[in-house]
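Before any comments, here is the structure.
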Amino acid sequence: MGCCVRADTTVTFGFPKIGHMLYPGAEYTGKLHTIDIGIPPHIVRQVNPRQELITDVTIQQIYHPRMNTAHKGNAGHLLIVAGSPGKAGAAALAGRGSLRCGAGLVTLAAPANVVPILQTLNMEAMAAPLPETEDGFLSEAAFEFLMKTAADKKCIALGPGIGTHPETVALVHRIMLNARIPLVIDADGLNGLSLDTTGLKQANAPIILTPHPGEMARLAGCSVADVQADRIGVARHFSVTHRIYLILKGARTLVALPNGKVYVNPTANPGMASGGMGDVLTGIIGALVAQGYGPEDSCRLGVYLHGQAADNLKQSQGPQGFLASDVADEIPRVFQKIHENRIP
């Protein structure tokens, strides 16, 4: 509506508004106070807001502590398909994120030339060498092996650092169409998928996509400016149209559900503007799904954990310079606080 006040403090009634939560409005809001004016709960249920803020209470409702008898066999086995020449780090970071998030077992499936590097970087993870092209990328010939390897897994995380070789792209589409367990697709998996998104509706298992604005633009066939001008609208439309769960990363990451509901995550900070952060998130989301959280809860809890770990580092180390691996290593401390404050 034109000019606005850059406030130190804003008071709003009933509930926060979207403009308070998303940028650039959030930057003009200052400290937000939401005042209860007695709106009856049944009125809220009738309205059924299509947007909701992820809060500490939300996380407490999602989180379930492990039983004292828990062991690695019932803490979930995640299969991560990742890596290529020069991008072993992406696979390693996804593995690190999943291990720090508590996956009982993690298998890193990568081109054979990358596996020795991964076994050095992720000692707690297993590795599965896959057939590769002449230049070292995942070959379509890896499909049958991957389907057999996935048979006893709880989730597949696909995409970090795999590149966009034509055979690798073909492999991504075959996995998407044939997987019988939930899929988390990120990075180059999304870039390959963006060439043809029609197969998303034909998938046999839940799919979670985790694009940043550039990847979202390629998936949706629009510009990055279009995505950023209407983050909620773009995320909601794509999620509903393709019947998938979508995490649109960025300042105030969004979680869009196939039913049209969108969650806004308030954790995270600009210190995360460095390489590998998305790979860690992929591992976190995959680990939560593998541990038995549903796709919706995995997305909500995952983005909160990821952002809160970075917020902890901002407090302890400073506003920038912490690494994606530091964020992964901070996840247990975020869980510790959640556990200590859990609802009896």
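What to note about this one:
- Spin-label pair LYS17/ILE39, simplified geometry with 7 Å Cα→Cβ offset, distance in nm: 1.2 nm
- Of the trypsin sites (Lys or Arg not before Pro) found in the stretch 271-344, those that fall in a DSSP loop while having at most 15 other beta-carbon atoms within 10 Å are ARG342.
- Per-residue surface analysis assigns HIS306 an accessible area of about 20 Å², computed on protein heavy atoms at 1.4 Å probe radius.
- Highest-first arrangement of 45-53, 176-184, where packing means the average Cβ count within 10 Å: 176-184, 45-53
- Amide H contacts of LEU53 (H built 1.01 Å from N, under 5 Å, at least 5 apart or other chain): VAL264
- Among the protein heavy atoms of the chain, carbon and sulfur supply 54% of the accessible surface, probe 1.4 Å, non-protein parts ignored.
- Dmax and Rg, reported as Rg then Dmax, of the stretch 178-337 (C-alpha, Å): 15.1, 46
- Potential extension, ASP230-LYS31 segment - 0.36 nm per residue separation minus Cα distance: 69.3 nm
- Relative contact order %, the stretch 1-79, counting alpha carbon pairs below 8 Å whose residues are six or more apart: 26 percent
- Stretch gain in nm, segment ASP135-GLN202, where the contour uses 0.36 nm per residue and the Cα spacing is subtracted: 21.0 nm
- Euclidean distance between Cα centres, the stretch 273-320 to the stretch 146-197, Å: 21 Å
- Protection proxy ranking of 122-131, 223-232, 163-172, 78-87, by the mean of other Cβ atoms within 10 Å over each peptide's residues and highest first, is 78-87, 163-172, 122-131, 223-232.
- Ordering ALA70, ILE43, TYR23 by the projection of their Cα atoms onto the charge dipole of the stretch 17-72, which places +1 on the Cβ of Lys and Arg and -1 on the Cβ of Asp and Glu, puts ALA70 at the extreme positive end.
- Among the listed pairs LYS17/LYS337; LYS249/LYS337; LYS72/LYS153; LYS87/LYS154, those whose Cα-Cα separation exceeds 22 Å are LYS17/LYS337; LYS249/LYS337; LYS87/LYS154.
- Taking all protein chains into account, the per residue accessible area for the chain stands at 46 Å² (1.4 Å probe).
The values are calculated or read from the model by the stated rules, or taken from the named source; none is laboratory data. Here the structure is a predicted model, which is why all the values come from computation and not from measurement. Counting neighbours? That spans all protein chains shown, and the Cβs are built from the backbone with ideal geometry, glycine included. Only protein heavy atoms, including side chains, enter the accessible area calculation; ligands, DNA and RNA are left aside. Shrake-Rupley method; radii C 1.70, N 1.55, O 1.52, S 1.80 Å.
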